[in-house]
1. Give the residues of segment 202-224 that are within 23 Å of the chain's Cα centre (by Cα), open to solvent by less than 10 Å² (accessible area, probe 1.4 Å) and over 18 Å from THR142 (Cβ atoms), sorted by residue number.
2. Tell me which residues, restricted to segment 284-300, are open to solvent by less than 80 Å² (accessible area, probe 1.4 Å), without any contact (Cβ under 8 Å) to a residue 40 or more places away in the chain and not hydrophobic (A, V, I, L, M, F, W, C).
3. Among the residues of segment 152-167, count how many are in contact with an Asp or Glu (Cβ under 8 Å, 6 or more places away or on another chain) and open to solvent by 70 Å² or more (accessible area, probe 1.4 Å).
4. Report, ordered by the first and then the second residue, all pairs with beta carbons closer than 7 Å, sequence separation of six or more or different chains, a first member in segment 308-324 that is farther than 16 Å from ILE369 by Cα, and a second member that is more than 13 Å from the ligand (Cβ to nearest atom) and in a helix (DSSP H, G or I).
5. On the given criteria, is TYR371 hydroxyl-bearing (Ser, Thr, Tyr), more than 13 Å from the ligand (Cβ to nearest atom) and either outside the structural domain of ASP287 (by TED's automatic domain parsing) or free of Cβ contacts under 8 Å to residues at least 60 places away in the same chain (or both)?
6. Report whether or not MET243 is open to solvent by 50 Å² or more (accessible area, probe 1.4 Å) and touching a residue at least 12 places away in the same chain (Cβ under 8 Å).
7. So GLN80 fits all but one of (1) loosely packed, with under 12 Cβ neighbours inside 10 Å; (2) part of a loop (DSSP other than H, G, I, E, B); what number is the exception?
8. What helices (runs of 4 or more DSSP H) completely inside segment 155-234 contain at least 1 residues that are farther than 26 Å from HIS134 by Cβ and aliphatic (A, V, I, L, M)?
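The values are calculated or read from the model by the stated rules, or taken from the named source; none is laboratory data. Everything numeric here is computed off the predicted structure, so don't read it as measured data. For neighbour counting, all protein chains shown are included, and Cβ atoms are generated from backbone atoms with ideal geometry for every residue, glycine included. What goes into the accessible areas is simple: the full protein's heavy atoms, side chains included, and nothing from ligands, DNA or RNA. Shrake-Rupley method; radii C 1.70, N 1.55, O 1.52, S 1.80 Å.
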Amino acid sequence: MAKNTLTVTDNRTGKTYEIPIEEGGVVRAAAFRDIKNGADDFGLMTYDPALFNTAVCRSRVTFIDGDRGILRYRGYPIEQLAEESNFLETAYLIVKGELPDQKHFRTWQHNIKIHTMVHENIKRFMEGFRHDAHPMGMLLGTVGAMSTFYPDAKNIFDLESRRLQTRRLIGKMPTVAAFAYRHSRGLPYVYPDNDLSYTGNFLSMLFKMTELQYKPNPVLEHALDVLFILHADHEQNCSANAMRSVGSSSPDPYAATAAAIAALYGPLHGGANEAAINMLMEVGSKDRIPALIKEVKAGEKKLNGFGHRVYKNYDPRAKILKKLAYDVFEVTGRNPLIDIAIELERIALEDEYFIKRKLYPNVDFYSGIIYQAMGFPMTMFPVLFAIPRTAGWLAQWAEMVRDPEQKITRPRQVYIGESERQWMPIEKRAEPTMREDAVSEAI
Ligand code: SDX
């Protein structure tokens, strides 16, 4: 009978090792430490920059099959959640593992709504940012500062404390995000209106002017809620890994969430929707798409909103967004960039360069077109990603805190620097030779 083991022969010593293949088709990297080339040898280490093929945890939150374009939160297909659910219910599912019944949903809704306000000092803290500060930078700084407002959050091994911070962060993220938007527009901040839905309240804090109560357009409110559902989690993406890695040293969840926001800020991750819109605007018309494709194939540019570490098929979220865009356009008017995006997608998906590399549109390719049509400035696009992803980050963080296998993240390295050398008085030193890979060049 076939054994679930890997038999490894070290040809340096002729020794053979049996390494167990565990559930999920994984072998433990630590097992390779036993493969030594002598008594003093450290043993073998696996090398995997960017963790291209390394599992760092066992998780129950999200399942992705990148080859088949499948995405499920706690086993529920994203297509069904986008069609049938709402963001707050999906956030409950992601955080707690099950869909709520009506009683639990009402309690959850109440528990989130009572945390939508922020301390007045947070408002004053945000007023200290430059008038043109990027909202994502404001979100990053403010969520980090929230760590100083909730010292009780340091009790990360206390379940009730984790639950309270989870409710606080999910409740307050839209408020801080909306305050950042209002700040960038020079408008007075709008306080939460808990008579509205989670997403409707967010729209009110963004766009309410002099009316007594903001009335969100139901089509746009629903579209944004679907966008929130689609962005709520995505297993071990860069920002979730930042949440887990920073969280592994046991700071409070506000500090870990600030680290996740920082990771999401980058144009290769959550900043891609802003980069994709800039790219489409730079192309400007269909007849200039071939020139862009040529630059991309020459390696001079990336096709922003295309490609994915896991999806080697069409990102299921992009499929949903491509249709949702037309619902939004019914209200906002058509965003002409959609025509450029669709033509760019058509050309790319027929081009061997993209086919060979399995590059398809990802969630960021169409989300920016919808956000722009809804009147959001591009600087708000990554913020709109961070709001729903807070639920996913917190679910991943809580799993890490509870996981008995998890310890502080401390990767190893392959040292390629200088061997030992002796300090020399400055008057005896030759001119330093700057090697092209020398980090010191940046100094
Ligand atoms: C998100 O991880 C997640 O789950 C993230 C996310 C989530 O929900 O959390 O899904 C959200 O971040 C989506 C991705 C958004 N980023 C972008 O759209 C930026 C553009 N995309 C690329 O930078 C890239 O596709 C990544 C960063 C998304 C993935 O990069 P990988 O897996 O490291 O792939 P790679 O860079 O090794 O690319 C493999 C090949 C390379 O060509 P060769 O060197 O083999 O010749 O594909 C090429 C790359 O040059 N390639 C692209 C490309 N993406 C990859 N070429 C042109 N345009 C692109 N967009």
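1. Scanning segment 202-224 gives LEU203, ALA223, LEU224.
2. Within segment 284-300, the first condition is being open to solvent by less than 80 Å² (accessible area, probe 1.4 Å), and the residues that meet it are 284-285, 289-293, 295-296, 298-299.
Within this subset, residues satisfying the condition of being without any contact (Cβ under 8 Å) to a residue 40 or more places away in the chain are 291, 295, 298-299.
Selection gives GLU295, GLY299.
3. So the first thing to find is which residues in segment 152-167 are in contact with an Asp or Glu (Cβ under 8 Å, 6 or more places away or on another chain), and the list is 153-154, 156, 161, 164-165.
The next check asks that each one be open to solvent by 70 Å² or more (accessible area, probe 1.4 Å); those that pass are 154.
Of the residues in segment 152-167, 1 are in contact with an Asp or Glu (Cβ under 8 Å, 6 or more places away or on another chain) and open to solvent by 70 Å² or more (accessible area, probe 1.4 Å).
4. Note: pairs meeting the criteria are PRO316/GLU79.
5. Values: hydroxyl-bearing (Ser, Thr, Tyr): yes; more than 13 Å from the ligand (Cβ to nearest atom): yes; either outside the structural domain of ASP287 (by TED's automatic domain parsing) or free of Cβ contacts under 8 Å to residues at least 60 places away in the same chain (or both): no.
Here the answer is no, as TYR371 does not meet what is asked.
6. The answer is no for MET243.
7. With (1) loosely packed, with under 12 Cβ neighbours inside 10 Å; (2) part of a loop (DSSP other than H, G, I, E, B) applied to GLN80, the lone miss is (2).
8. Details: elements: 159-185, 198-207, 218-230.
Where helices (runs of 4 or more DSSP H) fall fully within segment 155-234 and carry at least 1 residues being farther than 26 Å from HIS134 by Cβ and aliphatic (A, V, I, L, M), they are 159-185, 218-230.
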